[in-house]
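The values are calculated or read from the model by the stated rules, or taken from the named source; none is laboratory data. Predicted, not measured: the structure shown is a model, and the values here were computed from it. Cβ placement follows ideal geometry from the backbone for every residue including glycine, while neighbour counts extend to all protein chains displayed. All accessible areas refer to the heavy atoms of the entire protein, side chains included, with ligands and DNA or RNA removed. Shrake-Rupley method; radii C 1.70, N 1.55, O 1.52, S 1.80 Å.
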Amino acid sequence: MILVSSCLAGLKVRYDGTDCLDHKISQLIKAKKAMPVCPELLGGFSTPREPAEIVGGDGGDVLDGKAKVIGKSGEDVTDQYLKGARITLKKVMEANAKVVVLKENSPSCGSTMIYNGEFSGTKIAGNGVTAALLLRNGVQVLSEEQFLNHVDDII
């Protein structure tokens, strides 16, 4: 079983109420080889919601209490991101998933790149909160680009 970000499966769960449908991932869902998960919804957010970025580091720093996830209006939403990450990890373990495909650039799901915390559209190298927690627990995390480049090797 593969877990994938719900937005990649075509569910309109992104902060702005849109999706990032990837047809290969959608086919895996239909074939029951993949299961969608949205850490932000699991953390208690609704759709749409205010955009948020990690301020002061990346997801690993959030896990260590050295950085926070802040909404564009300045609200500290770190606790919801941590909750969503923990529930996602639990779902990964329950599904015995070996690979998790997460949406790049997200403060939850970014696996190589995230926004820099200034709401300027600038990206930096780093992991989102969920990606960092999964990696710390030995789960293979791929961005959608990485997955699509190796989809035939993985499934």
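Gly10 - would you say it is free of Cβ contacts under 8 Å to residues at least 40 places away in the same chain and over 16 Å from the mean Cα position of the chain (by Cα)?
Taking the combined requirement at face value, the residue does not satisfy it.
Of the conditions (1) modelled with pLDDT under 95; (2) more than 27 Å from Arg136 (Cα to Cα); (3) touching a strand residue (DSSP E or B) at 6+ places or on another chain (Cβ under 9 Å), Arg49 satisfies every one except a single condition; which number is it?
(1)
Say we look at the range 37-68 and pick out the residues that are open to solvent by 50 Å² or more (accessible area, probe 1.4 Å) and in a strand (DSSP E or B); which of these is nearest to Tyr81 (Cα to Cα)?
Result: Lys68.
With (1) touching an Asp or Glu at 6+ places or on another chain (Cβ under 6 Å); (2) open to solvent by 60 Å² or more (accessible area, probe 1.4 Å); (3) polar (S, T, N, Q) as the list, and Asn127 as the residue in question, which single condition is left unmet?
Condition not satisfied by Asn127: (2).
Inspect all residues belonging to the range 99-109 and state whether any of them is touching a helix residue (DSSP H, G or I) at 6+ places or on another chain (Cβ under 8 Å), at pLDDT below 95 and among the aliphatic types (A, V, I, L, M).
The answer is yes, given that some residue of the range 99-109 is touching a helix residue (DSSP H, G or I) at 6+ places or on another chain (Cβ under 8 Å), at pLDDT below 95 and among the aliphatic types (A, V, I, L, M).
Inside the range 12-36, can you point out the residues that are surrounded by fewer than 18 Cβ atoms within 10 Å (Cβ to Cβ), over 17 Å from Val99 (Cα atoms) and among the hydrophobic types (A, V, I, L, M, F, W, C)?
Leu21
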